[in-house]
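Down below is the structure, laid out as structure tokens.
The values are calculated or read from the model by the stated rules, or taken from the named source; none is laboratory data. For clarity, every value in this text was computed on a predicted model and none was experimentally measured. So basically every Cβ, Gly included, is an ideal-geometry build from the backbone, and we count neighbours across all protein chains shown. Only protein heavy atoms, including side chains, enter the accessible area calculation; ligands, DNA and RNA are left aside. Shrake-Rupley method; radii C 1.70, N 1.55, O 1.52, S 1.80 Å.
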Amino acid sequence: MATQKTVHFIIERQDSPNSAPYIEEFVLPYRPSMNVVSSLMEIQKNPVTKDGKKTTAVVWECNCLEKVCGACMMLINGKAQQACAALIDHLEQPIRLAPARTFPVVRDLAIDRTVMFESLKRVQAWVSVDGSWPVGPAPRQNPKTATTAYEISRCMTCGCCMHACPNVNSGSDFIGPAPLGQAHLFNLHPIGEYNKEERIEAITAKGGIGSCGNSQNCVQACPKDIKLTEYIARLNRDVNKQALKNIFNK
Ligand code: SF4
């Protein structure tokens, strides 16, 4: 009789934000088109380890299941990526899952990305509106920058670039590549550019663009192929222009 094909997971678990991590292994029957999220769902239905020990269900976060929301980012065989888009057929076994520890761990593979959302607030990564009443059609996007704006707008705040960046860590206050990319996006917007000066001031302050070491890791890590270092360089030019303007306006 042919032996059934299986999938072997080695998962780094952690019961609470401050408890010690530990490893558990799981073996699942193989099914075609499985991905890491569907495998975690199988483990959730029947949380029994490779050695037959009953355990608690592994905790992780997911939402859209189509590589848009960014919620299921975790380390898969050491690489930060989206679990919903990680096909088992493309992964070397045993498949090692771990939380992206650049962010605080909530439980098991679920992390707290608040620091990134706070940085988006700091750079005013939004377009200000006066109110909820009808204000007519929105202004046209500049056709010269629309392609760039579309590219950066695909950011899903997954945090892969933050995890890959050597300057984003618990000992640094660097806001990281994703919020800088978003600052550039909203500076390009015909309404967002009204707040460009405030954004530039926010990224010039401590922990802003000056803390970028240009390691280029973020570009390699971004699952949306956003040319982060190029846009950070453009933002740097805006920072220098603003600095000169400030000197002459004194
Ligand atoms: Fe994720 Fe790319 Fe956005 Fe960084 S820039 S948060 S890697 S989508």
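Per-structure values
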{"quantity": "Evaluation of Val129 against (1) in contact with a Ser or Thr (Cβ under 7 Å, 6 or more places away or on another chain); (2) away from the ligand (no atom under 14 Å from the Cβ) (one fails), failing number", "calculated": "(1)"}
{"quantity": "Every residue from the range 1-55 that is open to solvent by less than 70 Å² (accessible area, probe 1.4 Å), among the polar types (S, T, N, Q) and without any contact (Cβ under 8 Å) to a residue 12 or more places away in the chain", "calculated": "Ser19, Ser38"}
